[in-house]
Amino acid sequence: MPPRSAIVLEARKSPVQARSAASVDAILEATVQVLLLVGKDRLTTTRVASRAGVSVGTLYQYFPNKSALLQAALSRHLDQITDTVERVCQEQRGGTPRQMVTALITTFLEAKIGDAKTSVALYSVSSDVDGAKIAQQKGMRSNKAIAQMLETASEPLTNDPQLIASVLQGAMAGVSRRMLESGAAEKQFETLGRELIFAACVYLDACAASASVEGGREGLIHSAPAQR
């Protein structure tokens, strides 16, 4: 017989049918609502099931315990943000670096800060449900999407697109976290968002200009007359 812990943590059922998917969506939405109402310590599967309008037995068909429930809710939240990043990156292909980064940052912050209370509540449970691993997985998806977008820039970038994507991700994550932790995300959104876009544009301008700068330096070295 397998260990009890292995049984408890194993998902019992996947939402393969439309009706099942609807039930899972309702349960995860209810999880967020209960988390906002009573906090993670008082959140229970019974409360979530009641809020979702399903039986506890139905909830347990998909989520064996509270941890699995919270982990799924966090994963879904990060999936939504990642989907948004992938979509804007696809839409911005072929644009200038400035156009790309302005659209990327604006869309990312809107997705992250649009419902600041939900973001804060879900991140508060992150350390309890291996949130770092989930965030890393979603981050890899975002990095790939951003890098692929940058490869199509109308102004060639000399730095490795994945490196640039990582720098941009770090900046966006840092600023958004600062907003959320300050408790005044909505008030700071416009100001910090504008400053982040400015910094990112300057960085990309430098990446785009570096090739011509290096080329110019080489030209000056070879054409300059000898100095006495």
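The values are calculated or read from the model by the stated rules, or taken from the named source; none is laboratory data. This one's a predicted model, so the numbers in the text were calculated from it and none came from an experiment. When we count neighbours, we look across all protein chains shown, and the Cβ atoms used for this are built from the backbone with ideal geometry, even at glycine.
Observations, loosely collected:
- Applying the criterion of at least 1 residues that are free of Cβ contacts under 8 Å to residues at least 40 places away in the same chain to the helices (runs of 4 or more DSSP H) found wholly in the stretch 51-128 leaves 56-62, 66-91, 97-113.
- Being assigned to a helix (DSSP H, G or I), farther than 20 Å from ASP83 by Cα and at pLDDT below 90 is a description that does not apply to GLU195.
- CYS89 passes every criterion in (1) closer than 14 Å to SER142 by Cα; (2) modelled with pLDDT under 95 apart from (2).
- Subset of the stretch 141-182 (residues that are touching a residue at least 60 places away in the same chain (Cβ under 8 Å) and in a loop (DSSP other than H, G, I, E, B)): SER154, LEU157
- Scanning the stretch 28-50 for residues that are part of a helix (DSSP H, G or I), surrounded by 14 or more Cβ atoms within 10 Å (Cβ to Cβ) and not hydrophobic (A, V, I, L, M, F, W, C) returns GLU29, THR31, GLN33, THR45, ARG47, SER50.
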